[in-house]
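Notes follow the structure.
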Amino acid sequence: MSAVITAPEASRGSYREMWLITLGHSLTHWYPATFYLLMPIIGKELGLSYSQIGLIMTCQYIAGAVANIPGGILVDTVGRKGVLMATSLFWVGFPYLLMGFAHSYLMLLGCVALVGFGNSLWHPTAIPTLARRFPDRKGLVLSLHSMGGNVGDALAPLAVGALLSVLTWRQAVMLNVAPGIVIALLIFVFLGTMQLGPRKPESRAGAQSLREYFRGLPELFRNRGLIVLVTSSAFRSMTQNALLTFLPVYLAYELGYSPFWVGACMFALQAAGFAAAPVAGHLSDRMGRKSVMMTSMAMTAVVLVFMALAGKSAAFVFFVTILGFFLYAIRPVLQAWLLETTPKNMGGTSIGVLFGAQALGSSVGPLLGGVVADRYGLSAAFYFLAGTIIAANLFIFFMPRTEAAKA
């Protein structure tokens, strides 16, 4: 007689929950992606400089940087993860409705800051939840979650670019709120009782007391892997968000593209990222996180240089598509690597610290890119971005060899 031992598989419910979380993630990206397309129009309407356009995104990501660590604390000490995700999604979408009534630069800055606060809850909740439910397939499952973000990033510019051909930008942002409200309600109804980790008989499964939480906090911040990965990610986010801020501006101002064609180019960037995420996630599960990350970031720097050299030519748009494949490939790999090197009961805070650092990098990148563009021209900003992604790659050399955390 022989016994066959198989690894426990996630229930059908878990897969349903994974796809609903992924759909919610797509909406958290849909709204910022919409706004990137609107910025050239708003910039012209309000007479903004490149630095002022960059400052808009700086305010959003400073707010996110401030709120991510408190958001991580909330996630690690509260059991009802579905409620937190529904709240986050609503909070991301609603400020864009308020933007439709904004007629001053200061009010616009206030609205994008509210978006940053809302976004600070999503990733510390969703990513550790998925990683705990699929422990042997973290890279792949987190890449599917990342694909949801790519879908939102890709479809939003295309859809809103088409809407702007028949509506004003204010009408478009008001209409755009509806999908987020609907999905937030679905998450609340179907995942409102979701707990982080295996289901337990206790009512607060997946939570821990504040005393237990603060007892483990010093050990988390002594973790060298955490420090290296979040620093690298901050530089990578400088690259990504400065690119998303000024690429539509470059296409509209320098190449003279209409909103529809700007949206189509942004779709090409994100569609390539959509294809890259599951490939990178699967390869990282098989080959290791470090090799995939270093290859992807090195290729990103090379493509950015080629974009700057291509200038006002059709080759520029071609390189945009290639860039998307490498730029977005490493997001789930980075997240999986971080969760493997930090204690499991501090997953929300680990992701909160990661996204706080990313928000800090995202806040600095557009502003610095705007300063470079104002002084040396918009093409020079792409050389600046190549330098930031090279810096991100250098930090990976200092990543220690560690086993997955068991706590």
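Of all the criteria given as (1) of a type in the set (Phe, Trp, Tyr); (2) surrounded by fewer than 21 Cβ atoms within 10 Å (Cβ to Cβ); (3) closer than 13 Å to THR28 by Cβ, the one not satisfied by PHE134 is (3). Filtering the stretch 266-309 to residues that are among the basic types (Lys, Arg) and either touching a residue at least 40 places away in the same chain (Cβ under 8 Å) or closer than 16 Å to GLY148 by Cα (or both) leaves ARG289, LYS290.
Considering only residues in the stretch 394-407 that are more than 30 Å from LEU243 (Cβ to Cβ) and open to solvent by 90 Å² or more (accessible area, probe 1.4 Å), the one that is modelled with the lowest pLDDT turns out to be LYS406. Taking the stretch 46-67 as the range and being open to solvent by less than 40 Å² (accessible area, probe 1.4 Å) and among the small types (Gly, Ala, Ser) as the test, the residues that pass are SER51, GLY54, ALA63, GLY64, ALA65, ALA67. The residues in the stretch 31-88 that are touching a helix residue (DSSP H, G or I) at 6+ places or on another chain (Cβ under 6 Å), over 18 Å from TYR250 (Cβ atoms) and among the hydroxyl-bearing types (Ser, Thr, Tyr) can be counted, and the count is 6. If you go through the stretch 342-355 and keep only what is open to solvent by less than 10 Å² (accessible area, probe 1.4 Å) and in a helix (DSSP H, G or I), you end up with MET346, GLY347, GLY348, THR349, SER350, ILE351, GLY352, LEU354.
Residues considered: GLY348, GLY365, GLY369, GLY324. Of these, the only one that is within 18 Å of the chain's Cα centre (by Cα) and modelled with pLDDT of 85 or more is GLY365. Against the test of being under 21 Å from PRO259 (Cα atoms) and either open to solvent by 30 Å² or more (accessible area, probe 1.4 Å) or out of contact with any Cys (no Cβ under 6 Å at 6 or more places or on another chain) (or both), the options VAL141, VAL182, VAL151 yield a single qualifying residue, VAL151. Within the stretch 39-81, the set of residues being outside any helix (DSSP H, G or I) and of a type in the set (S, T, N, Q) comprises just one member, SER49.
Name the residues in the stretch 356-393 that are open to solvent by 50 Å² or more (accessible area, probe 1.4 Å) and without any contact (Cβ under 8 Å) to a residue 40 or more places away in the chain, would you? Within the stretch 356-393, ARG375, TYR376 meet the criteria.
Quick check: anything in the stretch 266-285 open to solvent by less than 30 Å² (accessible area, probe 1.4 Å), charged (D, E, K, R), assigned to a helix (DSSP H, G or I) and out of contact with any Cys (no Cβ under 7 Å at 6 or more places or on another chain)?
No; the residues of the stretch 266-285 include none that is open to solvent by less than 30 Å² (accessible area, probe 1.4 Å), charged (D, E, K, R), assigned to a helix (DSSP H, G or I) and out of contact with any Cys (no Cβ under 7 Å at 6 or more places or on another chain).
Can you find a residue in the stretch 124-135 that is touching a residue at least 12 places away in the same chain (Cβ under 8 Å), out of contact with any Leu (no Cβ under 7 Å at 6 or more places or on another chain) and closer than 22 Å to ALA359 by Cα? Yes, the stretch 124-135 contains a residue that is touching a residue at least 12 places away in the same chain (Cβ under 8 Å), out of contact with any Leu (no Cβ under 7 Å at 6 or more places or on another chain) and closer than 22 Å to ALA359 by Cα.
Here MET307 meets the list (1) open to solvent by 10 Å² or more (accessible area, probe 1.4 Å); (2) under 21 Å from PHE235 (Cα atoms); (3) more than 20 Å from the chain's Cα centre (by Cα) almost entirely, failing just condition (1).
Against the criterion of being in a helix (DSSP H, G or I), out of contact with any Ser or Thr (no Cβ under 9 Å at 6 or more places or on another chain) and either open to solvent by 40 Å² or more (accessible area, probe 1.4 Å) or closer than 20 Å to GLY352 by Cβ (or both), LEU84 does not qualify. The residues on offer are ARG222, ARG204, ARG211, ARG199, and the sole one that is modelled with pLDDT of 85 or more and either farther than 21 Å from THR125 by Cα or open to solvent by 40 Å² or more (accessible area, probe 1.4 Å) (or both) is ARG222. When PRO128, PRO70 are checked against the criterion of being open to solvent by 20 Å² or more (accessible area, probe 1.4 Å) and more than 23 Å from THR245 (Cβ to Cβ), a single residue qualifies: PRO70. Only residues that are open to solvent by 10 Å² or more (accessible area, probe 1.4 Å) and of a type in the set (Val, Ile, Thr): list them for the stretch 310-337, please. Listed by number, the residues that qualify are VAL317, THR321, ILE322.
A Cβ distance below 9 Å, combined with a sequence gap of six or more or placement on separate chains, defines the contacts here; from the stretch 69-86, residues that are without any contact (Cβ under 8 Å) to a residue 60 or more places away in the chain reach residues that are open to solvent by 10 Å² or more (accessible area, probe 1.4 Å) and part of a helix (DSSP H, G or I) in the pairs LEU84/LEU74; LEU84/LEU121.
The combined condition, being at pLDDT below 80, over 21 Å from PRO218 (Cβ atoms) and part of a helix (DSSP H, G or I), is not fulfilled by ALA329. For TYR96, the conditions (1) hydroxyl-bearing (Ser, Thr, Tyr); (2) modelled with pLDDT under 85; (3) open to solvent by 10 Å² or more (accessible area, probe 1.4 Å) all hold with the exception of (3).
The values are calculated or read from the model by the stated rules, or taken from the named source; none is laboratory data. Worth saying up front: this structure is predicted, and the values here are computed from it rather than measured. Using ideal geometry, Cβ is built from the backbone for each residue, glycine included, and neighbour counts are taken over all protein chains shown. When the accessible area is computed, the model is the full protein with side chains, heavy atoms only, and any ligands, DNA or RNA have been set aside. Shrake-Rupley method; radii C 1.70, N 1.55, O 1.52, S 1.80 Å.
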